[in-house]
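Engineer: Take a look at this one; I'll ask things after.
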């Protein structure tokens, strides 16, 4: 997904703000549902929508960043290179986080409906998926924050 400009300005800063806000908020939402399984039944579909929107914002930030980089590339800028490297990792972490959220919510609902109760095996699968969602929410958040921080350094270093 590559969009070069919005409102006559580079699109990258617009999409970056979406990813930097939505990924951590969605991760907090996911962690809340991991901690309170009763909330998962009530708010699970909201979490899926939030995760998909956060992923789209991340993909749009990545695509627009590639376009933006073509115009401002500086091979000697270490912060810019570090920002690119972190973005390469943030994108798959956010994708895996979104996929794990979808699998967790869908399978947990399916398990709860099967035979009127959840089996021990299904409970173990749901617990493992909860742990995976928790881990990936933390990793996606860390990488999005690190990526954004390095991008900010690349833009604002040396400004007084």
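The values are calculated or read from the model by the stated rules, or taken from the named source; none is laboratory data. These figures come from a predicted structure and were not determined experimentally. Every residue, glycine among them, receives a Cβ derived from its backbone with ideal geometry; neighbour counts consider all protein chains shown.
Engineer: Sort out which residues of region 127-160 are under 13 Å from the mean Cα position of the chain (by Cα) and more than 14 Å from residue 87 (Cβ to Cβ), and write them in order of number.
Structural biologist: In the first step, residues of region 127-160 are kept if they are under 13 Å from the mean Cα position of the chain (by Cα); the result is 133-148.
If the condition is that a residue be under 13 Å from the mean Cα position of the chain (by Cα) and more than 14 Å from residue 87 (Cβ to Cβ), then 133, 134, 135, 136, 137, 138, 139, 141 are the ones that fit.
Engineer: Looking for whichever is without any contact (Cβ under 8 Å) to a residue 40 or more places away in the chain and closer than 22 Å to residue 136 by Cβ here; the options are 52, 21, 34. Which one fits? Can you show your working first?
Structural biologist: Working: 52 fails: without any contact (Cβ under 8 Å) to a residue 40 or more places away in the chain; 34 fails: without any contact (Cβ under 8 Å) to a residue 40 or more places away in the chain.
None of the others qualify; the one that does is 21.
Engineer: So, in region 1-45, exactly how many residues are more than 15 Å from residue 151 (Cα to Cα), touching a strand residue (DSSP E or B) at 6+ places or on another chain (Cβ under 9 Å) and in a helix (DSSP H, G or I)?
Structural biologist: So the answer is 0.
Engineer: So, residue 64, is that one under 29 Å from residue 153 (Cα atoms) and touching a strand residue (DSSP E or B) at 6+ places or on another chain (Cβ under 8 Å) or not?
Structural biologist: On the way: under 29 Å from residue 153 (Cα atoms): yes; touching a strand residue (DSSP E or B) at 6+ places or on another chain (Cβ under 8 Å): yes.
Here the answer is yes, as residue 64 does meet what is asked.
Engineer: What tally of residues in region 100-139 results from selecting those that are at pLDDT 85 or above and outside any helix (DSSP H, G or I)?
Structural biologist: 0
Engineer: Within the bounds of region 68-77, is there any residue that is at pLDDT 80 or above and touching a helix residue (DSSP H, G or I) at 6+ places or on another chain (Cβ under 7 Å)?
Structural biologist: So the first thing to find is which residues in region 68-77 are at pLDDT 80 or above, and the list is none.
The answer is no, given that none of the residues of region 68-77 is at pLDDT 80 or above and touching a helix residue (DSSP H, G or I) at 6+ places or on another chain (Cβ under 7 Å).
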